[in-house]
Every structure is written in C-alpha cells, then in structure tokens.
C-alpha cells in the first residue's frame, strides 16, 4: 500500500472557507446547481430537467452564470471518462485550489478507482458542512454530504472563473468550439 492511499474511514470536510470577492461566481453557482436537482442522469446530455451527466452539469451551470460561451462544450467522451483528458480540460480552463481552500461553488474532481473520473460542485450542506452537487448514473442530480474516503478520493479542486471570463476559452471568439470527438472529458 502506498503512502498516498486514502484512509479507510470517511473523512468529512468539517469546515468551509468563507467566500471572498473571487468567489462571487461561486456563490451564484450553488443555487444554480441546486436548480438542476432531480434532473435524470443521461450520458453527454445538457438539458436541465431532462438529462445531464457530471460534466454536463458543470457546463450547464457555467453557461447559466456566463462563465462559458453558450455554445462551448466537451463531447465525444466515453461513459467512463479518460482521467488524463478530464484533468487536462479542468486545468486548462479553471484555476486549481487546494482541498483545504475549497468553498461553496468550487469544482471538485474525484476518483472512485485509480483515475479521476467524476466532477461536481461543492455546496453548503443544508444540515451543516460541505456537500457535493453532482449527476450520478442511476440517481440523476443529487446533493449529498461531501466525504472523501478510499471509495471517493479527492483528486483536485478548482475555482470557477469570474464573470465574464470566457474570452480566453478555446473557441470563445466563434462561440461554438467543441473538443474533437473521442478526446474525452
């Protein structure tokens, strides 16, 4: 067993850092993501109330907040995303933040096995502590307590850009860029 293996018990994040001016967009992200609660899970779908996957939820919320061009998307990824491509997209578009600095509205990337494969938005759990708002196959968009464990490992955290921030995004000039099919997310 390597020294980087997560502990076997659940490790709840007991505190969240207070919001700062850089988190004006993040503060709006939580209610925007909660508006998607109950949306069924559907691979590569992007329609609130109809169907969405975990990447689509982030894209849909970011579009609603104006931090992504309306037509920008990531397509062509497998049901089990390529963790390398997923991290490349996240790091290319968002600013990485340490786990200890996660705040409501930040993006969290997690792994259920060896590779990063799932994303969600950090929320402020209605019953106290942090939550994750995410789309799960078979359950749709849900909000659950955010607890990292061996079965749900923290990979990286990211801050959403401030509004309007998509001038530097790939394809923002044409407002219609997508990644090549098969590249993954």
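For residue 77, the conditions (1) touching a residue at least 24 places away in the same chain (Cβ under 8 Å); (2) surrounded by fewer than 21 Cβ atoms within 10 Å (Cβ to Cβ) all hold with the exception of (2).
Limited to region 100-129, what total is found for residues that are more than 14 Å from the chain's Cα centre (by Cα) and either free of Cβ contacts under 8 Å to residues at least 60 places away in the same chain or not in a loop (DSSP other than H, G, I, E, B) (or both)?
Just the residues of region 100-129 that are more than 14 Å from the chain's Cα centre (by Cα), to begin with: 100-101, 112-115, 124-129.
Filter again for either free of Cβ contacts under 8 Å to residues at least 60 places away in the same chain or not in a loop (DSSP other than H, G, I, E, B) (or both), leaving 100-101, 112-115, 124-128.
Here the count works out to 11.
Quick check on region 52-64. Is at least one of its residues part of a helix (DSSP H, G or I), at pLDDT below 85, over 24 Å from residue 152 (Cβ atoms) and under 16 Å from the mean Cα position of the chain (by Cα)? Taking every residue of region 52-64 in turn, none turns out to be part of a helix (DSSP H, G or I), at pLDDT below 85, over 24 Å from residue 152 (Cβ atoms) and under 16 Å from the mean Cα position of the chain (by Cα). Would you call residue 86 under 13 Å from the mean Cα position of the chain (by Cα) and either at pLDDT below 90 or at positive phi (or both)? Against the criterion (under 13 Å from the mean Cα position of the chain (by Cα) and either at pLDDT below 90 or at positive phi (or both)), residue 86 qualifies. Here's a check for you: in region 14-45, which residue that is surrounded by 19 or more Cβ atoms within 10 Å (Cβ to Cβ) and in contact with a strand residue (DSSP E or B) (Cβ under 6 Å, 6 or more places away or on another chain) is modelled with the lowest pLDDT? Of everything passing the filter in region 14-45, 16 is modelled with the lowest pLDDT. For region 65-92, the set of residues classified as in a helix (DSSP H, G or I), in contact with a strand residue (DSSP E or B) (Cβ under 8 Å, 6 or more places away or on another chain) and within 19 Å of residue 32 (Cβ to Cβ) consists of 90 only.
Residues considered: 94, 126. Of these, the only one that is surrounded by 14 or more Cβ atoms within 10 Å (Cβ to Cβ) and on the phi < 0 side of the Ramachandran plot is 94. Each residue in region 51-71 was checked for being surrounded by 20 or more Cβ atoms within 10 Å (Cβ to Cβ), more than 17 Å from residue 162 (Cβ to Cβ) and in contact (Cβ under 8 Å) with a residue 60 or more places away in the chain, and 6 pass.
The values are calculated or read from the model by the stated rules, or taken from the named source; none is laboratory data. Since this is a predicted model, take the numbers as computed values, not measurements. Cβ coordinates were reconstructed from backbone atoms using ideal geometry, including for glycine residues, and neighbour counts include every protein chain displayed.
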